[in-house]
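Here is the structure we will look at.
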Amino acid sequence: MQAGKGISIPSILKVGKGALARIGSYLKKEGIEQVVIFFGNGLIDLFGTDVMASLKQEEIRVLEYSELDTVDIDDIITLAFAMPNKTQAVISIGGGKVIDAGKYAAFLRNIPFISVPTSSSSDGFSSASASLLVHGKRTSVPARLAYGIIVDTQIIRTAPEKFIYSGIGDMLSKITAIYDWIYEEKCGYSEVNDFAVMIAKKAVNSFVRTPYESIKDELFLKELVDSLAMSGIANEIAGSSAPTSGSEHLISHALDKILEIPQLHGIQVGIATYIMSKVQDHRYVRVETVLRETGFFDYAATLQMKRDDFIRAIDMAPSIKPFRHTYLHEESYREAAKKLVREDEVLSRVLV
């Protein structure tokens, strides 16, 4: 029997109402006393006072703080090595950009990263990779899972609904991603980690079975964030993004290349998840039900996304990750996906 490999999991995981105002006590318990903070654009005015007060109360020293609006890898390398040597942790407060930048800076300096997302738009806040600009091209680079994840559901609730819909789309994608990974193993291209699959399945199943009246319900948002966080753990166990990113993500990444201004990651992924669940003939009723009942499809229909762009993205998908073997890496399934985009009744109301 092969010995199990070591995995990292967050030491701090706090999700709930008012969590941001308690950030000082969470860090103090971990012995963190000197930090650098990166805020997203405009967020110092919104959250700076509460954060600084909480840290000051626990006698945690803020060595530097600033707003950050770059994901250029060269900028982040410069930033990382300009941080004071006594920095014990990097905190990022905001959306995907500042989370990825802070995560990579902390990784370069080999110090803990504290992820404080202000929206639930994707599982990026809990992942061990960062999406950065390398030579002008968006590239996924290795980093490390966050040491701490702190999510204030009150803040998530006040974010624009499009970010919640994006998180819903990204969360549902685990359904098709897991099925792709299992198929990949059957075809002899990969080896599935059963524990990673179990974690990813538990994450998505817990979310889709959550009762709610509104997508801004406290319980619904907590389940969404908890499940997105669990996705990061599944990837850490697997040693790759395979449990949470399959053919549906390849379509979204292809759209990123095709479109001058792509939609939010989770919106593109949500549509692609519906497409692939029908191609795979796997849990498509559940996927369609969640996307319809949450209002995801209604929101997506307002974006005027083009059918032809999705068809081009399906053709391009295998080239995004040629080393993988998802359903879309086979021509017959690509043809089935394109036929669905052209003829499906639901998609006819969502795409133009």
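The values are calculated or read from the model by the stated rules, or taken from the named source; none is laboratory data. Since the model is a prediction, treat every value here as computed from it, not as a measurement. Cβ: placed from backbone, ideal geometry, glycine included. Neighbour counts: every protein chain shown.
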* Structure fact -> From the option list LEU219, LEU250, single residue qualifying as in a helix (DSSP H, G or I), modelled with pLDDT of 95 or more, of a type outside the set (Phe, Trp, Tyr) and under 21 Å from SER131 (Cβ atoms) is LEU250
* Within segment 270-285, can one find any residue that is under 13 Å from the mean Cα position of the chain (by Cα) and either touching a residue at least 12 places away in the same chain (Cβ under 8 Å) or under 25 Å from LEU340 (Cα atoms) (or both)? -> yes
* To do: Go through segment 1-27 residue by residue and tally those that are surrounded by fewer than 17 Cβ atoms within 10 Å (Cβ to Cβ), more than 18 Å from SER119 (Cα to Cα) and touching a residue at least 12 places away in the same chain (Cβ under 8 Å).
  => 6
* Hey, ILE199 over 15 Å from the mean Cα position of the chain (by Cα), of a type in the set (A, V, I, L, M) and either farther than 23 Å from ASP256 by Cα or surrounded by 22 or more Cβ atoms within 10 Å (Cβ to Cβ) (or both) or not -> yes
* Selection within segment 103-120 - of a type outside the set (A, V, I, L, M, F, W, C), touching a strand residue (DSSP E or B) at 6+ places or on another chain (Cβ under 8 Å) and under 18 Å from VAL141 (Cα atoms) -> LYS103, TYR104, ARG109, PRO112, SER115
* To do: Scan GLU288, GLU330, GLU345 and give me the residue that is within 18 Å of GLU184 (Cα to Cα) and either not basic (Lys, Arg) or not assigned by TED's automatic domain parsing to the domain that holds LEU228 (or both).
  => GLU330
* Output yes when any residue across segment 77-88 is within 24 Å of ALA200 (Cα to Cα) and of a type in the set (Gly, Ala, Ser), and no when none is. => no
* Qualifying positions in segment 169-211 - within 17 Å of GLY232 (Cβ to Cβ) and among the basic types (Lys, Arg) -> LYS174, LYS201, LYS202
* Structure fact -> Here the residues within segment 193-229 that are over 24 Å from GLY295 (Cβ atoms), free of Cβ contacts under 8 Å to residues at least 40 places away in the same chain and touching a helix residue (DSSP H, G or I) at 6+ places or on another chain (Cβ under 9 Å) are MET198, LYS201, LYS202
